[in-house]
Every structure is written in structure tokens, then in C-alpha cells.
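Below is one structure; the comments refer to it alone.
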Amino acid sequence: MVKIRLSRHGSRKKPFYRIVVTDSRSARNGRFIEKIGFFNPIGYLKNEKFKINFNKVEYWKKIGAKISPRVQYLIKTYQ
């Protein structure tokens, strides 16, 4: 099953998340199919906190990808 979920990057106490399309069997930070955005929870005023390619999200949803609850929340919040 294909999922759209977060992949954690960044250093300790300074998380940075990439929004990726991945196979559900792969590890959280492991192999992915495509990067479609990012989420920076501690972003400053100058930096963007959230960016996603909505066209890619619609494409992958049409194919049958499931969106994780956290990514679904972020899309609703920042849309």
C-alpha cells in the first residue's frame, strides 16, 4: 500500500519533516517514491513552515494512496 506521510530529518530538538510518498512497509526515514513537500514546525517568520504540491497529492490520491492523519491535519490547517 502506498502512503503519504512525514519523514523526520534535522538534528535533535530541531525537527524538520519532509512529506513523502512511500510504501507502507518501508521505514519512517527509509526509502521513498517521491518528495512532495515539507513541514518545519519551528520555522521562523521569514521561513516557510509548510509547503506541499497539491497537484501531486491529488495525483497520488487518485491512484489509491492513503494519507496519514498528521499530513491530513496539516493540509486542512494550511490550505
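Values as computed for the structure displayed
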item	result
Subset of segment 30-79 that is assigned to a loop (DSSP other than H, G, I, E, B) and of a type in the set (Val, Ile, Thr) - its residue that is nearest to ARG5 (Cα to Cα)	ILE33
Residue count, segment 44-68 (criterion: surrounded by 12 or more Cβ atoms within 10 Å (Cβ to Cβ) and polar (S, T, N, Q))	2
Condition broken by MET1, with the remaining ones in (1) surrounded by 14 or more Cβ atoms within 10 Å (Cβ to Cβ); (2) touching a strand residue (DSSP E or B) at 6+ places or on another chain (Cβ under 7 Å); (3) not β-branched (Val, Ile, Thr) satisfied	(1)
Hey, VAL71 touching a helix residue (DSSP H, G or I) at 6+ places or on another chain (Cβ under 7 Å) and either without any contact (Cβ under 8 Å) to a residue 24 or more places away in the chain or surrounded by 14 or more Cβ atoms within 10 Å (Cβ to Cβ) (or both) or not	no
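One line per residue, one yes/no per condition, for (1) over 13 Å from the mean Cα position of the chain (by Cα); (2) at pLDDT 90 or above; (3) of a type in the set (Phe, Trp, Tyr):
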residue	(1), (2), (3)
PHE16	no, yes, yes
THR22	no, yes, no
PHE32	no, no, yes
GLY37	no, yes, no
ILE42	yes, no, no
GLU48	yes, no, no
TRP60	no, yes, yes
ILE67	no, yes, no
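The values are calculated or read from the model by the stated rules, or taken from the named source; none is laboratory data. Because the structure is a prediction, the values reported are computed rather than measured. Quick reminder, even Gly has a Cβ in these numbers, built from the backbone with ideal geometry, and neighbours come from all protein chains shown.
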